[in-house]
Amino acid sequence: MQTSDPDIRLMLAFRDGDESAFSDLYRRWAGPLLRYLERIVRERATAEELLQETFIRVHGARNRYSPDARFSTWLFRIGRNLALNELDRAHRRMPHYSTDAADSRDSSRPSLSLVSGGAPVDAIVEARRESDRMEARLAELPERQRTALWLAAVEGHPYAEIAEILQTSSKSVKALVHRARATLVERMGDSGRTSRPGDRAGRAAAAGASRSRVEVAAHPNGPEGSRGKEEG
């Protein structure tokens, strides 16, 4: 792997004793990795713990690090395997999921600011409901489909890199993203038919609220640990 990748250069510098390089890597990748882990475990506190554990693993591997793949590919693969192991443990413990979970998740969201001349209140409420529906539909996707879609549409990883993270082929990643997109379009269409028709302002606000999640469904030509099956 060429060292033109700045993250690889930082990791090699850290391997050679530059402690500040590790801090730079953390600052560059903690945010994207945390968002990714949250998509897998769907719990902020657990995702934060997994984030720290992932970087602890990176720190511990400094002396044997070899740039065989992009740093981000290696990092996300470590994080994913830790997250899936955590899900396995949680499943064996058979925890009770509180009905307040959705409320606690919502409490971490930024509050809406109402400004003069903005969308009507009912349109903003409808936008929030549309965003919540999208979140619910995303959560229903199989883990591999959800992961492939998130990495491609939101984090902008190429299919080849996602394939390395999921330890599968680029062709399989493309199929996972396609199936995830098709499922979201179908399910959002079903839920949309139950909402109030004809409210153009509400639909526009809803589209803005969830654009980062929906845009992959509108653009079929998206950007290009060993577990699970390719068919998602």
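Does D68 satisfy the condition of being in a helix (DSSP H, G or I) and not polar (S, T, N, Q)?
Details: in a helix (DSSP H, G or I): no; not polar (S, T, N, Q): yes.
No: the conditions fail for D68.
Quick check on E155: is it modelled with pLDDT of 80 or more and closer than 17 Å to T46 by Cβ?
Details: modelled with pLDDT of 80 or more: yes; closer than 17 Å to T46 by Cβ: no.
Considered against the rule, which asks whether it is modelled with pLDDT of 80 or more and closer than 17 Å to T46 by Cβ, E155 comes out as no.
Mind checking which pairs have a first residue in the stretch 3-32 that is farther than 14 Å from L75 by Cβ and assigned by TED's automatic domain parsing to the domain that holds D68 and a second that is assigned to a helix (DSSP H, G or I) and polar (S, T, N, Q), Cβ under 9 Å, 6 or more apart or different chains?
Short answer, once both residue conditions are applied: A13/S20; R15/N63.
With the requirement that a residue be over 17 Å from F14 (Cβ atoms) and among the acidic types (D, E), what does the stretch 38-92 give you?
E38, E43, E48, E49, E53, E86, D88
The values are calculated or read from the model by the stated rules, or taken from the named source; none is laboratory data. Computed from a predicted structure; not experimentally measured. A quick note on method: Cβ atoms are made from the backbone with ideal geometry, for glycine too, and the neighbour counts reach across all protein chains shown.
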